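The values are calculated or read from the model by the stated rules, or taken from the named source; none is laboratory data. Keep in mind it's a predicted model, so treat the numbers as computed, not measured. Glycine also receives a Cβ, built like all others from the backbone with ideal geometry; neighbour counts cover every protein chain displayed. The accessibility values were calculated without ligands, DNA or RNA, using every heavy atom of the protein model including side chains. Shrake-Rupley method; radii C 1.70, N 1.55, O 1.52, S 1.80 Å.
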Amino acid sequence: MAGDKHKKKTKGKKAAKRSAAKQKKGLAAGTGGGGDGGEGGAAPATKQRNPKAFTVKSRGRAKLQRARTAEKEQKRMHVPVVERAPEEPPPFVVLVQGPPGVGKSTLIRCLVKHCTRQSLSEVKGPITVVAGKTRRLTFVECPQSLAGMVDAAKYVDLVLLLVDGAFGFEMETFEFLNILQVHGFSKVMGVLTHLDGFRDVKRLKKTKKALKHRFWAEIYQGAKLFYLSGMRNGKYLQREVLNLARFIAVQKFRPLSWRQAHPFLLADRFEDITPPERVRADPKCDREVTVYGYARGCNLKLGARMHLAGVGDYPVAEVSALPDPCPLPGAAKKRSLNERERLLYAPMSDVGGLLYDKDAVYIDVPDWKLSYSGGTAPADEGAAMVRGLQAPGAAVDAQLAAGRIRLFGNGRALDSAGVPDDAAASSDGEGFSSEEDGGAVGPSGREGDDSTSDDSEGLGGAARWKVGLQERAAALFSARGGDLAAHIYGVPATAEPQGQDAAALRGHVAKNKDGESDSDEELFVPRQRSSSGGAACDAEDPEAPDTVRDALDEAHLAGWGDPGAAERLRDRFVTGDWEAAAQRSAAEPAAEAGGDGDVFGEFEDVETGERFGSGDAATSAALAAMEAVSREELAAKRAAKKAAFDAEYDAGGSAGVRDRPAKARRHGADADQDADAAAEGPEAPGDEETYYDAMKREMGGREARTRAALDALAPEQRVAMEGHRPGAYLRLRFSGMPCELSAHWDPAQPLLVGGLAPAEEKRGFMQLRLKRHRWFSRVLKNRDPLTFSIGWRRFQSVPVYAIEDQNARHRMLKYTPEHAHCLANVYGALAPPGTGVLAIQSLAANQQGWRIAATGAVLGLDPAPAVVKKLKLVGTPFKIAHRTAFVGGMFTSQLEAAKFEGAAVRTVSGIRGTIKKALRPSVGGGRDGSVRVTFEDKPLLSDIVFLRAWVSVELPRLYNPLTDLLAPAPVPRPAPKRTSGLAEDGEGFAALPAPADAPGGWVGMRTVAQLRRAAGEGAPRQADSLYRPVERRPRRFNPLKIPTALQAALPFKSKPKQEAPRKRKSLEARRAVVLEPGERRAVSLVAQLNALRNARADKRRAKQACQREKHARVVEAEEAWRARYNKEERKKRYLEAGQAEKRAKRAKASRSDD
């Protein structure tokens, strides 16, 4: 429309021209002085002359702006990370994750269709596409198994989290988010699907809002959530897919520390290259496999040991770099990619007529593209290969028998039996012959001329391996041995030669490239060597000496004809004349006294030809003067630098020295540069360089120097030194792999190949900080097996839980704490401290509820961790002699008792003691294991003696790798039925019922409870561990006996008042009470009155209870009526408010239309 205002472009030629015009206009206004160009258009000179004219209008707004700028600056200052981004980065991995039936495969097909204009029939394995001029993407569908999700979280760069909008969040979604948090938390974007099932717009809006806020609670506030509103012809809407693809194309990924320190590879192709004969002879033999994929992370060094997730640790037998199957387009400037540059590489999917299986490659050529009737030539290279394989001219053995080969250029051709052929031309029979005469005989026996291409042999591009054969062979064999020259002089021995050798070599290569002599025997032609003046060995001359030594010039050998040369050389060794050596040593200091320049001896002026020597007085004087001047200049620079440093430190302290101007730091802060900087005046705040910027600049410079040094090396030497860089497409060959890997290979389960550091190849104990997940239904028991995911590995081990006391003692725990961290000691493959830990109790898919048991991190590595537990031993004394007692029942043998000699014990009454010695059996009437204990007071026979001690716990050594790729895949469970709408709890979270147990899959070590449940047995019961009511017999104490002499000496009130027992009752006990008649009548009257009062009180209480019940029924009916009334009133108010809001909206809409 004409009234629309479009945003002006900020890029391109027009935008640059507009910006230049505005800048020129602003400069003119600033110099003229009459224009009000504003802050952006004024000239710098005008701003410096009148700074008040360019200040802010609002002081509060300026304060907020300064705070905002400082906050942005602080957020920017994270710890600097060395940028290890390669020149051509590998494709970014985009993982599509979601529960079954949510639309993962459909979304991948739509994104691939958008990027490459090609359709996918099935989604299997990684799919690599060119998404832009500088970006490639690899789409992977996340497996449904828990092990597959754990592996996917380790290599993914961007996660597309698919959520069924009609059903809500499911358990798999939250489990995968928790797995991501442990392994680095890559970028996550949400996608809502199945939104076309909503008929009510208001309900759809509320559902979107609820799911968005729930998604933000798990990720972060403002996380991107896309909505796929519907489908058309089995695909999502093109505009919505375009928006999602644009967001994916501009995502920036921060490198994770674990991936930056380890090389890894996501296998997009897998082949079993074991010889078929060996497999046929022994189907269970070890296999030889190859894995293809892009190198990621850090550089992959040669000879590294790799971990195949789900298989195990294996050394790499061979690493080779291959051409990139999906290269980026050229560096030419253009707006979009053409059709040839929209590449798609999906080896496991049926795309482009090629399908890679685990042991074969299938080429699909449609029938309508070929016509085999007649002698028509094939249309393309693939058709030529198929026709050549279908109709061979002769058998392979016949072709080899009729072939001829020539080893040397001047030699004779040999047949298969080694008999020389007199004819120099090629044989008339079928087969491959030499090409000396320019003819090339293919399998069909037809000859061609020199201009015939490799395709004339009838094998398409099969002969292309001959191109550059000599150069590749020379590079291969030259790099096999140790390059001593490269280590000493810094120049590789395989570098390109200089001078006449270089010209000869370039001519030889040019000759091969021009096709003048394209024969295989040139591989065996000796390399010509020449010298500066002597006769060179001619490789074409049959009479030339067969030697590899360089021909030396006679002038170099003439000096050794002197008889005294050998004697002078002999004096240089320990067997020579030591007196002559002493004379030379005495003469050397005198020669060096003139200065440092005399060390170099005589030299010659290359322009005039005049020679100068150490004995020249003029030369010595000139060198001394130059040295004095340079020494004075260096001293002046050092003094100026020290003065500048002192001035900066006095002005701003260490912060001022740290935040020096960038110009002074870059130029070394010399004296003259400091003077220039001081003359220019104070620099602008934007020109100052902080410590953070200095660190980043230093790291960038160091990286640039390292890259420049590596770029100067030969390709073979660079690969041997730094390994294969990230972004290279590699082929890894592994030997000795289990046969189950090939038998149970599933392309839908991506294979992760991770590199291991030397320290990670060992096994030992790791100390973990572990916390049970708050959604896991049970506490974790000590010594119950758990499946851990640490680094690349997934293994099963038996943890021992502990907690650290104040005295740094690790006390064993029987169960994990409810809502707190604890220590866990686990035996397994070592991982560096700080690595994330994920613990899973069972990988079965038929579990109902949360499956992640615990999360944590590696604290450290300990070869022998000390974990102790409390030990409480109980015994009773059976013989007491003053303060010494024999205690039995505490130990079972004399040897066990001897280990606790010197231990402290305590009785129930609080008397402390010490174990002195273990008693022999039958000493004092005690049993085996009795001890002699000394107490601080006399114990009783009824006392119980306790011994509290700490005993070290033996840690189990169990390491069971999780080899799920070597087991048959479990039967996939059907997708569950979904009901529209969210869950009842209103949080958008729903858990599916547990499906039936699926056969197959990896089975690990089971817990004790699972074993007892399978055997139908309960927990063992011990008689002394059962809780029974405590029965205590009353204790009878002996009467207190005081001696008679002591009683006589005591005062009267302290003497015991004990009467002798009576033989008959006392007078008070024998006396009877007799009431008078009046007293009897009074007692009877009081009793009657009490009975009447009690009867009236009972009637009153019963009546009050009836009244309370009646009142309660009345109150309940009134409350029910009031609740109904209030509900109706609220409905009326809400209805009136809604109608008023609608009327207000309609009125507002009508006013806006007017």
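Overview of values
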{"item": "Residues (β-branched (Val, Ile, Thr) and buried (at least 19 other Cβ atoms within 10 Å of the Cβ)) located in the range 916-956", "result": "Val931, Val933, Val945, Val953"}
{"item": "Out of Ala210, Ala166, sole residue that is small (Gly, Ala, Ser), touching a helix residue (DSSP H, G or I) at 6+ places or on another chain (Cβ under 7 Å) and either closer than 28 Å to Leu966 by Cβ or touching a residue at least 40 places away in the same chain (Cβ under 8 Å) (or both)", "result": "Ala166"}
{"item": "Sole residue being touching a residue at least 12 places away in the same chain (Cβ under 8 Å), surrounded by fewer than 17 Cβ atoms within 10 Å (Cβ to Cβ) and either within 24 Å of Asp268 (Cα to Cα) or among the charged types (D, E, K, R) (or both), chosen from Ala720, Ala757, Ala728", "result": "Ala757"}
{"item": "Filtered residues of the range 289-306 (kept if assigned to a strand (DSSP E or B) and farther than 14 Å from Gly727 by Cα)", "result": "Val289, Thr290, Val291, Arg305, Met306"}
{"item": "Given (1) open to solvent by 80 Å² or more (accessible area, probe 1.4 Å); (2) in contact (Cβ under 8 Å) with a residue 12 or more places away in the chain; (3) of a type in the set (D, E, K, R), index of the condition Glu218 fails", "result": "(1)"}
{"item": "Search result, residues across the range 793-833 that are open to solvent by less than 60 Å² (accessible area, probe 1.4 Å) and either part of a loop (DSSP other than H, G, I, E, B) or among the charged types (D, E, K, R) (or both)", "result": "Arg793, Arg794, Val798, Pro799, Asp805, Leu813, Thr816, Pro817, Ala820, Leu830, Ala831, Pro832"}
{"item": "Qualifying residue in the range 779-801 (condition: farther than 18 Å from Tyr959 by Cβ and out of contact with any Ser or Thr (no Cβ under 9 Å at 6 or more places or on another chain))", "result": "no"}
{"item": "Residue selected from the range 187-197 under the condition surrounded by fewer than 21 Cβ atoms within 10 Å (Cβ to Cβ) and touching a residue at least 40 places away in the same chain (Cβ under 8 Å), by the criterion nearest to Lys154 (Cα to Cα)", "result": "Lys187"}
{"item": "Counted residues, the range 889-912 - those being open to solvent by less than 90 Å² (accessible area, probe 1.4 Å) and not in a loop (DSSP other than H, G, I, E, B)", "result": "7"}
{"item": "Candidates Ala1102, Ala1072, Ala1023, Ala1049 - the one that is under 60 Å from the mean Cα position of the chain (by Cα), hydrophobic (A, V, I, L, M, F, W, C) and either open to solvent by 80 Å² or more (accessible area, probe 1.4 Å) or not assigned by TED's automatic domain parsing to the domain that holds Ser942 (or both)", "result": "Ala1023"}
{"item": "Selection count, the range 307-362, where residues are acidic (Asp, Glu), modelled with pLDDT under 85 and in a loop (DSSP other than H, G, I, E, B)", "result": "3"}
{"item": "Gly234, sole failed condition from (1) surrounded by 21 or more Cβ atoms within 10 Å (Cβ to Cβ); (2) at positive phi", "result": "(1)"}
{"item": "Complete set of residues in the range 731-754 that are surrounded by 19 or more Cβ atoms within 10 Å (Cβ to Cβ) and either assigned to a strand (DSSP E or B) or basic (Lys, Arg) (or both)", "result": "Leu732, Phe734, Met737, Leu751, Leu752, Val753, Gly754"}
{"item": "First in the range 961-972 and open to solvent by less than 50 Å² (accessible area, probe 1.4 Å), second anywhere and modelled with pLDDT under 75, Cβ under 9 Å, 6 or more apart", "result": "Ala967/Gly1000"}
{"item": "Subset of the range 748-789 (residues that are of a type in the set (Val, Ile, Thr) and farther than 23 Å from Gln97 by Cβ)", "result": "Val779"}
{"item": "Qualifying residue in the range 874-885 (condition: open to solvent by less than 40 Å² (accessible area, probe 1.4 Å), among the β-branched types (Val, Ile, Thr), in contact (Cβ under 8 Å) with a residue 24 or more places away in the chain and on the phi < 0 side of the Ramachandran plot)", "result": "no"}
{"item": "Boolean, Val1074 is under 30 Å from Pro100 (Cα atoms), at pLDDT 75 or above and in a loop (DSSP other than H, G, I, E, B)", "result": "no"}
{"item": "Wholly within the range 139-246, strands (runs of 3 or more DSSP E) carrying at least 1 residues that are among the small types (Gly, Ala, Ser)", "result": "187-193"}
{"item": "Qualifying residue in the range 703-712 (condition: out of contact with any His (no Cβ under 9 Å at 6 or more places or on another chain) and either crowded, with 20+ Cβ neighbours inside 10 Å or outside any helix (DSSP H, G or I) (or both))", "result": "yes"}
{"item": "Which listed residue is over 20 Å from Val241 (Cβ atoms) and open to solvent by less than 10 Å² (accessible area, probe 1.4 Å), from Val94, Val150", "result": "Val150"}
{"item": "Residue count, the range 853-873 (criterion: open to solvent by 30 Å² or more (accessible area, probe 1.4 Å) and not in a strand (DSSP E or B))", "result": "4"}
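Residues are listed down the side, and each one gets a yes or a no for (1) under 18 Å from Val351 (Cβ atoms); (2) among the hydrophobic types (A, V, I, L, M, F, W, C); (3) in contact with a strand residue (DSSP E or B) (Cβ under 9 Å, 6 or more places away or on another chain):
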| residue | (1), (2), (3) |
| --- | --- |
| Ala70 | no, yes, no |
| Pro90 | no, no, yes |
| Ser121 | yes, no, yes |
| Gly132 | no, no, no |
